[in-house]
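Notes follow once the structure below has been shown.
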Amino acid sequence: MTLKEKINEDLKAAMKSGDKLKLETIRSIKALILEFEKSGAAKELTPDEELKMLTTAAKKRKDSIEQFRNAGREELAKKEERELEILSEYLPKQLTEEEIINEVKRIAGEIGASSKADFPKLMPEAMKQLKGKADGKSVRSIVENLLDDN
């Protein structure tokens, strides 16, 4: 089942259940898909494009949560958190920090990265292999720590 089909099914279910926030969030995802299709890019909505789209939407929610908390708007931060939870259902399972560390160590071993000078070699490879499974900030921090320790 494609993301578009899953979104349509979940949209119907959200309408029937009366969950307004879920309905609103799913509609926002559907709007992203429609925007992509109407963009005239003449591209097919591939799983990579879907992942990129959802990851961007999730990142926007995370940024909003941080900004609302800094502004003392806890009710809006909670709404964004709930939307992020709904979005996360469509994203691949996120790795724990320990799993990210293990993956980065494995990748570093494969490509022979051991010092700070190897950062430009290790970081892109780590992001490529962990795409959609881990937040870029977390990966960067772990890569930097790993290379600092050596």
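Numbers at a glance
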read-out: Every residue from the range 76-91 that is of a type in the set (D, E, K, R) and surrounded by fewer than 19 Cβ atoms within 10 Å (Cβ to Cβ); value: 78, 79, 81, 82, 85, 89
read-out: The range 122-150 residues that are without any contact (Cβ under 8 Å) to a residue 40 or more places away in the chain, paired with ones that are in a loop (DSSP other than H, G, I, E, B) and surrounded by fewer than 16 Cβ atoms within 10 Å (Cβ to Cβ) (beta carbon under 9 Å, 6 or more apart); value: 147/114; 147/115; 150/114; 150/115
read-out: Flag for residue 110 being loosely packed, with under 14 Cβ neighbours inside 10 Å, in contact with a Ser or Thr (Cβ under 8 Å, 6 or more places away or on another chain) and at negative phi; value: no
read-out: Conditions (1) outside the structural domain of residue 132 (by TED's automatic domain parsing); (2) within 22 Å of residue 128 (Cβ to Cβ); (3) aliphatic (A, V, I, L, M); number of the one not met by residue 104; value: (1)
read-out: Which numbered condition residue 149 misses (of (1) out of contact with any Asp or Glu (no Cβ under 7 Å at 6 or more places or on another chain); (2) surrounded by 14 or more Cβ atoms within 10 Å (Cβ to Cβ)); value: (2)
read-out: Scope the range 28-40; condition over 28 Å from residue 134 (Cβ atoms) and surrounded by 10 or more Cβ atoms within 10 Å (Cβ to Cβ); matching residues; value: 34, 37
read-out: Residue selected from the range 1-23 under the condition more than 17 Å from residue 37 (Cβ to Cβ) and not charged (D, E, K, R), by the criterion modelled with the lowest pLDDT; value: 1
read-out: Residue check, residue 8 part of a helix (DSSP H, G or I), of a type in the set (S, T, N, Q), surrounded by fewer than 16 Cβ atoms within 10 Å (Cβ to Cβ) and assigned by TED's automatic domain parsing to the domain that holds residue 135; value: no
read-out: Residues (among the aliphatic types (A, V, I, L, M) and modelled with pLDDT under 85) located in the range 111-133; value: 113
read-out: Any hit, the range 33-47, residues being part of a helix (DSSP H, G or I), of a type outside the set (Lys, Arg), in contact with a helix residue (DSSP H, G or I) (Cβ under 6 Å, 6 or more places away or on another chain) and within 19 Å of residue 92 (Cα to Cα); value: yes
read-out: Any hit, the range 41-52, residues being surrounded by 11 or more Cβ atoms within 10 Å (Cβ to Cβ), acidic (Asp, Glu) and not assigned by TED's automatic domain parsing to the domain that holds residue 141; value: yes
read-out: Set 58, 77: member being assigned to a helix (DSSP H, G or I), touching a residue at least 24 places away in the same chain (Cβ under 8 Å) and among the aliphatic types (A, V, I, L, M); value: 58
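Residues are listed down the side, and each one gets a yes or a no for (1) more than 27 Å from residue 21 (Cα to Cα); (2) in a helix (DSSP H, G or I); (3) not polar (S, T, N, Q):
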residue	(1), (2), (3)
64	no, yes, no
84	no, yes, yes
92	no, no, yes
99	yes, yes, yes
105	yes, yes, yes
120	yes, yes, yes
125	yes, yes, yes
128	yes, yes, yes
134	no, no, yes
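The values are calculated or read from the model by the stated rules, or taken from the named source; none is laboratory data. Remember, it's a predicted structure, so these values are computed and weren't measured experimentally. A quick note on method: Cβ atoms are made from the backbone with ideal geometry, for glycine too, and the neighbour counts reach across all protein chains shown.
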